[in-house]
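All of the numbers you see were taken from the coordinates with simple rules; none came from a lab. This one's a predicted model, so the numbers in the text were calculated from it and none came from an experiment. Cβ placement follows ideal geometry from the backbone for every residue including glycine, while neighbour counts extend to all protein chains displayed.
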Amino acid sequence: MLNENVLKIVLNDKTFGRDEAADIVGGLSNLKKLIEKGKIRAEKRTQKQNGKWFCNAYDVLKYASLKY
């Protein structure tokens with residue numbers, strides 16, 4: 001089993017886009033709540049309406065939810 005520190009080192013500089021991150025954490029509203037609470041680091045590098053989101057991969061996977 002992988003150590004959590006190893007995952008953090010490997011994934012900390014990786015990102016997911018908004019849709020993929022939302023799918024992992026259980027929906028867009030849940031993703032937005034996690035970002036607002038500071039639990040998931042995310043940024044939009046442009047202020048354009050359709051600008052790409054960059055969500056920290058380690059943070060997103062930490063709050064992954066299982067689908068049934």
Problem set entry | Local electrostatic count, Tyr58, Cβ distance below 10 Å [Lys/Arg +1, Asp/Glu -1] | +1
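Counting alpha carbon pairs within less than 8 Å and at least 6 residues apart, what relative contact order, in whole percent, applies to the range 4-62? It would help to have the intermediate numbers written out before the result.
Numbers: 73 pairs, mean separation 25.6, N = 59.
Computed over the range 4-62, the figure is 43 percent.
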Exercise. Cα to Cα, under 19 Å, and not fewer than 8 places away if on the same chain: which lysines meet these conditions relative to Lys39?
Worked result: Lys8, Lys14, Lys62
Seminar exercise, completed: Along the range 45-55, Karplus-curve 3J(HN,Hα) (6.51, -1.76, 1.60; θ = phi - 60°) to the nearest Hz, with x for Gly and Pro, reads 7, 9, 8, 5, 4, 9, x, 5, 8, 10, 9
Seminar exercise, completed: Amide H contacts under 5 Å for Thr15, restricted to residues at least 5 apart in sequence or on another chain and with H modeled in the peptide plane, are Ala57
Exercise. Computed over the Cα atoms of the chain, what is the ratio Rg over Rh, Rh following Kirkwood?
Worked result: 0.99
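Give, as a single signed number, the net charge of other residues whose beta carbon lies under 10 Å from the beta carbon of Phe16, with Lys and Arg counted +1 and Asp and Glu -1.
-2
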Exercise. Mean residue ellipticity at 222 nm from the helices of the chain, using -39,500 (n - 2.57) per DSSP H segment of n ≥ 4 over the full residue count, to the nearest 500 deg cm²/dmol?
Worked result: -12000 deg cm²/dmol
Exercise. What is the magnitude of the charge dipole of the chain about its Cα centre, with +1 placed on the Cβ of each Lys and Arg, -1 on the Cβ of each Asp and Glu, and no other charges, expressed in debye to the nearest 20?
Worked result: 240 debye
